[in-house]
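The values are calculated or read from the model by the stated rules, or taken from the named source; none is laboratory data. None of these values were measured; they are calculated from a predicted model. Here the Cβ is made from the backbone with ideal geometry for all residues, glycine too, and neighbour counts use every protein chain on show. Quick note on the areas: whole protein, heavy atoms, side chains included, nothing else; ligands and nucleic acids left out. Shrake-Rupley method; radii C 1.70, N 1.55, O 1.52, S 1.80 Å.
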Amino acid sequence: MSQDVLQQTSVDLAVEVGPLKLKNPVMTASGTAGYGTEYAGLYDPGLLGAIAMKGLTRHPREGNRPARWAPTPGGLLNSVGLQNIGVEAFVVEKAAICAELAEKGCQPIINLACATQEDFIESVEILEEGCPAAAAYEVNVSCPNVKKGGCAIGADQNALASVVRELRSRTTKPLIVKLLPLVTDIVAMAKVVQNEGADGITLVNTIPAMGIDAKTRRPKLGSVTGGLSGPAIKPLALRLVYLTYQATKMPIIGLGGIQTGEDAIEYMLAGASAVAIGCGQFSNPRAPLMVLEEMAAYCEEQGVGSIRELTGGLILE
């Protein structure tokens, strides 16, 4: 897709995730497009509505031992373990990238995946001063392949409420909470973050999973277990988006197995305001632009003037 194609469409592609305004509903999922420049040789990331940056922790992390990736039918297993440079190095080395994206109209979203409430607070305080171009924070409390990490927070209503409350008091920027998908009651967790002032929710993160090599009798991942992404998790993710939207009407960023524009439209009909492309980029690096183009074509064929009309538009009769 080119800038010309975007300008020629008759469809209003602009969406809102709470106070976060996006020129179109397509973004990259955190951890799948680095810091927003890794795919620059293949397309202009400024064409997208947003880039969710690679997950950051308070201090640098080396990540998990290899192997970190393993293909599986219908998806991909990963166990990267949040390898990253840490918040302080990010401010020094990558904050300028956020400013460049913002100038192009692509919203840079900082994904934070800290292990403790204190780390979340310190990270936001550092970013508030050191990365003013950040458009929003995506608070990841759901990483399935990090020991003693966000899962503990994402599975505990009190801990979750406390983190969102503390961060809400420290920033006026949009807070989007990436919830843990496999909990007893996703709606209860969504209402917790809603009540504490979160502006939106991301659903879903990868699903805890594992793979075994029968020939060697060894796990396929160095950390034994990891997270499953790809088309295999899409039906599960759609259900969680639908349930959460029906109960809260909160803005939702939907992701999980999106490979085509039709996949993305399904998420919006279920209740998503925007969508993120994750491992689909690994098989097709230009997938986000292809998805966006197909979404625009769908709206033109269906006579949809504004893509916002699709959010929650599932017909149940």
Problem - Pairs where the first residue, in segment 257-273, is within 15 Å of Glu309 (Cα to Cα) and the second is of a type in the set (Phe, Trp, Tyr) and surrounded by fewer than 22 Cβ atoms within 10 Å (Cβ to Cβ), C-beta under 6 Å, 6+ apart - result: Ile265/Tyr298; Ala270/Tyr242; Gly271/Tyr242
Practice task
For residues that are over 13 Å from the mean Cα position of the chain (by Cα), open to solvent by 10 Å² or more (accessible area, probe 1.4 Å) and not hydroxyl-bearing (Ser, Thr, Tyr), tally how many sit in segment 271-289.
Solution key: 4
Handout entry: Residue among Thr206, Thr225, Thr171 that alone is within 22 Å of Asn64 (Cα to Cα), polar (S, T, N, Q) and open to solvent by less than 50 Å² (accessible area, probe 1.4 Å)
Key = Thr206
Handout entry: Unmet requirement for Gly63, which otherwise passes all of (1) free of Cβ contacts under 8 Å to residues at least 60 places away in the same chain; (2) open to solvent by less than 40 Å² (accessible area, probe 1.4 Å); (3) part of a loop (DSSP other than H, G, I, E, B); (4) in contact with a Ser or Thr (Cβ under 8 Å, 6 or more places away or on another chain)
Key = (4)
Practice task
Considering only segment 22-38, state which residues are of a type outside the set (S, T, N, Q) and assigned to a strand (DSSP E or B).
Solution key: Leu22, Val26, Met27
Handout entry: Qualifying position, being surrounded by fewer than 24 Cβ atoms within 10 Å (Cβ to Cβ), modelled with pLDDT of 95 or more, among the hydrophobic types (A, V, I, L, M, F, W, C) and within 15 Å of the chain's Cα centre (by Cα), among Leu238, Leu243
Key = Leu238
Exercise for the section: Would you check which residues across segment 177-231 are farther than 14 Å from Gly154 by Cβ and among the β-branched types (Val, Ile, Thr) and list them? Expected result: Val187, Ile212, Thr216, Val224, Thr225
Fill in the blank from the handout: From the option list Leu175, Leu160, single residue qualifying as in contact with a strand residue (DSSP E or B) (Cβ under 7 Å, 6 or more places away or on another chain) and under 29 Å from Ala134 (Cβ atoms) is Leu175
Exercise for the section: Could you tell me whether segment 19-41 includes any residue that is in contact with an Asp or Glu (Cβ under 9 Å, 6 or more places away or on another chain), within 20 Å of Thr171 (Cβ to Cβ) and open to solvent by 30 Å² or more (accessible area, probe 1.4 Å)? Expected result: yes
Problem - Subset of segment 131-148 [open to solvent by 10 Å² or more (accessible area, probe 1.4 Å) and either among the aliphatic types (A, V, I, L, M) or without any contact (Cβ under 8 Å) to a residue 40 or more places away in the chain (or both)] - result: Pro132, Ala133, Ala135, Val146, Lys147, Lys148
Problem - Counted residues, segment 160-197 - those being among the polar types (S, T, N, Q) and assigned to a helix (DSSP H, G or I) - result: 3
